[in-house]
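Trainee: Here it is: the structure, laid out below.
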Amino acid sequence: MATSRRPPASVPEHVITMEEPLAPALRDLAGAHGRDSSDLDFYIVDAGGPWILDDLGRFFQVDRRAFRSSRATLTEYGNIGGAVVLDALRRLFDEGGARDRARGLPAGFGPGVTAEMSLGRWETADETRGVRQA
């Protein structure tokens, strides 16, 4: 299923412009952890539509490829709600994942303009990390 670059006419204006209040919140979240939201290693976003990914990319001043996993899910399946985040993470895994200790932003936006955001760090499996020797 292909997704439109423009929101459907049935989408309310407050949803179309929801990145305006959310993008600063994402920036503040990253800043609270000493990170710059424009310089993260990966972005996994359930945005509801490609136009929101485009707007977030412009706000953060990141290349549109930063949202490639989320965009691919939207293109293949359409808006499948919060499952976009899980499928986009699967796609990131399938690409080989992010580099060890990469920092990224998983976020989901929902109806009534709800938001769930976190800042995470990618950890690769390392049998010696965190294991005490006897």
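Trainee: Could you say which residue among A72, A66 is under 13 Å from A107 (Cβ atoms) and part of a helix (DSSP H, G or I)?
Mentor: A66
Trainee: So, one more: So in the range 24-54, with the set limited to residues that are surrounded by fewer than 19 Cβ atoms within 10 Å (Cβ to Cβ) and in contact with a helix residue (DSSP H, G or I) (Cβ under 6 Å, 6 or more places away or on another chain), which one is nearest to D100 (Cα to Cα)?
Mentor: S38
Trainee: When you check G48 against the structure, is it in contact with a strand residue (DSSP E or B) (Cβ under 8 Å, 6 or more places away or on another chain) and at pLDDT below 80, yes or no?
Mentor: Values: in contact with a strand residue (DSSP E or B) (Cβ under 8 Å, 6 or more places away or on another chain): yes; at pLDDT below 80: yes.
Yes.
Trainee: Now a separate question. Quick one: in the range 49-108, which of the residues that are of a type outside the set (G, A, S) and touching a Phe, Trp or Tyr at 6+ places or on another chain (Cβ under 6 Å) is nearest to G34 (Cα to Cα)?
Mentor: L105
The values are calculated or read from the model by the stated rules, or taken from the named source; none is laboratory data. Fair warning: this is a prediction, and the values are worked out from it, not measured in the lab. Don't worry about glycine lacking a Cβ; one is built from the backbone with ideal geometry, like all the others, and counts go over all protein chains shown.
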